[in-house]
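Take a look at the structure set out below.
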Amino acid sequence: MAKIPTVRLNNGVEMPLEGFGVFQVDDSICERAVSEAIDCGYRLFDTAYSYGNEGAVGAAIKKSGIAREEFFITTKAYIQQMGYEKTMKAVYDSLDALGTGYIDLYLVHMPFGDYYGAWRAMEEMCKNGRIRAIGVSNFLPDRLMDLCYNAEIKPQVNQIELHPHYQREKELALMRELGVQPQAWAPFAEGMKGMFSESVLADIAHKHDKSVPQVILRWDIQRGVAVLPKSIHKERMAENADIWDFILDDEDMRQIGTLDKNTPSMLDTLKPSEVKRLYDYLKNPILTSLQ
Ligand SMILES: NC(=O)c1ccc[n+]([C@@H]2O[C@H](COP(=O)([O-])OP(=O)(O)OC[C@H]3O[C@@H](n4cnc5c(N)ncnc54)[C@H](OP(=O)(O)O)[C@@H]3O)[C@@H](O)[C@H]2O)c1
């Protein structure tokens, strides 16, 4: 299995271009899934306080016997953890849950609440070495630009919904200009809206003797986007990691470009009803028990 290549973030930290996401991976199976993903070559693991499985991620890493420095651990502060003091506590809580000594990348999960207070705390934790890189998630261009103007440490990463049905070309161009590394969450749009059966993707996959998921991930990588596929099946974890031995040509890239619906499939933070849904999510029993 080829080693997953890295990208250098704007503070010099090297981040694997592909990682393993554990959203909606129940705590009870997460440790097994992460251990299998480690076997398949993944070293970046993307969790969050709100996923309720930081402990399982940390446990699998410890059990692997592989040196801590080989791993890249991302976690995130959710809306109720925004604000200088709350975020300080959130970082220590995540460090306790993970047991990994430090966090490689810490993100503001959503552009809501006092994320400027959160950012000051994250900058401080970066300076004291408990976090190696900081970033945001789900930030639209105006929020990202404003943060860049007001931050002492500019965000290293913006993790956003990104897949062939929502390609966000202009936003990627801005991120390139700002030196912020884009990272795609839900690179397969969770398989919704017929993503895996798009004939354009199937034809390209056939041409390269690869699968549709592999073509999607390769397309992201060739646009300079880091990816976070999730699967609880080991054979799919291996399949998703096996994307480093082929190259999509210009015509493949152009054809995939035609699939853009220019609208999110999962999260539209511009909709008040969606913001309400996110705040309602805080009433989720798992989150409540974690608070
Ligand atoms: N920052 C944020 O707000 C945010 C939001 C959402 C997600 N994320 C991150 O992004 C990660 C990935 O997103 P996601 O989990 O929502 O969705 P995703 O990776 O787009 O899709 C996961 C779905 O695709 C299936 N799948 C994966 N590989 C496959 C393959 N090779 N063939 C067929 N089916 C396959 C999985 O099924 P099985 O598991 O059954 O194999 C699962 O149903 C998350 O785990 C999380 O770390 C971040």
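The values are calculated or read from the model by the stated rules, or taken from the named source; none is laboratory data. For clarity, every value in this text was computed on a predicted model and none was experimentally measured. Neighbour counts are summed over all protein chains in view; Cβ atoms, including those assigned to glycine, are modelled from backbone coordinates with ideal geometry.
Quick one: in region 226-258, of everything that is of a type in the set (A, V, I, L, M) and surrounded by fewer than 18 Cβ atoms within 10 Å (Cβ to Cβ), which residue is nearest to the ligand (Cβ to nearest atom)? Out of the qualifying residues, it is I232.
Yes/no per residue for (1) within 12 Å of the ligand (Cβ to nearest atom); (2) not β-branched (V, I, T):
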{"position": "A37", "(1), (2)": "yes, yes"}
{"position": "E70", "(1), (2)": "no, yes"}
{"position": "V108", "(1), (2)": "yes, no"}
{"position": "P111", "(1), (2)": "yes, yes"}
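Just one residue in the set D245, D260, D268 is in a loop (DSSP other than H, G, I, E, B) and free of Cβ contacts under 8 Å to residues at least 24 places away in the same chain; that residue is D268.
Only one entry of I61, I103, I66 meets the criterion of being of a type outside the set (S, T, Y), modelled with pLDDT of 95 or more and touching a strand residue (DSSP E or B) at 6+ places or on another chain (Cβ under 6 Å), and that entry is I103. Checked against the criterion of being more than 12 Å from the ligand (Cβ to nearest atom) and either within 16 Å of V227 (Cβ to Cβ) or more than 18 Å from the chain's Cα centre (by Cα) (or both), region 46-54 has no qualifying residue.
Quickly run through region 271-285 and pick out the residues that are part of a loop (DSSP other than H, G, I, E, B) and either surrounded by 13 or more Cβ atoms within 10 Å (Cβ to Cβ) or touching a Lys or Arg at 6+ places or on another chain (Cβ under 8 Å) (or both). Let's see the steps before the verdict.
To start, the set of residues in region 271-285 that are part of a loop (DSSP other than H, G, I, E, B) comprises 271, 282-284.
Across region 271-285, the qualifying residue is only L282.
Quick one: in region 205-219, of everything that is outside any loop (DSSP other than H, G, I, E, B) and either in contact with a helix residue (DSSP H, G or I) (Cβ under 6 Å, 6 or more places away or on another chain) or within 11 Å of the ligand (Cβ to nearest atom) (or both), which residue is farthest from E31 (Cα to Cα)? Reasoning before the result, please.
From region 205-219, those outside any loop (DSSP other than H, G, I, E, B) are 205-208, 212-219; that's our starting set.
With either in contact with a helix residue (DSSP H, G or I) (Cβ under 6 Å, 6 or more places away or on another chain) or within 11 Å of the ligand (Cβ to nearest atom) (or both) added as a condition, the list becomes 205, 212-217, 219.
Numbers: A205: 31, V212: 27, P213: 24, Q214: 24, V215: 28, I216: 26, L217: 24, W219: 29 Å.
Looking at the filtered set, the residue picked out is A205.
When restricted to residues that are without any contact (Cβ under 8 Å) to a residue 40 or more places away in the chain and either assigned to a helix (DSSP H, G or I) or within 14 Å of the ligand (Cβ to nearest atom) (or both), region 72-106 contains 13.
Listed by first and then second residue, the pairs linking a residue in region 203-221 that is over 18 Å from T258 (Cα atoms) to a residue that is of a type outside the set (D, E) and assigned to a helix (DSSP H, G or I), with Cβ atoms under 6 Å apart and 6 or more places separating them unless they lie on different chains, are S211/A205. State which residue pairs qualify: first residue surrounded by 13 or more Cβ atoms within 10 Å (Cβ to Cβ) and inside region 1-20, second residue of a type in the set (D, E) and in a strand (DSSP E or B) in any location, beta carbons under 6 Å apart, and separation of 6 or more residues or different chains. Between residues of region 1-20 that are surrounded by 13 or more Cβ atoms within 10 Å (Cβ to Cβ) and residues that are of a type in the set (D, E) and in a strand (DSSP E or B), the close pairs are I4/E18; T6/E14; G19/D46. Inspection of region 153-161 identifies at least one residue that is more than 21 Å from I216 (Cβ to Cβ), at pLDDT 95 or above, surrounded by fewer than 20 Cβ atoms within 10 Å (Cβ to Cβ) and not polar (S, T, N, Q).
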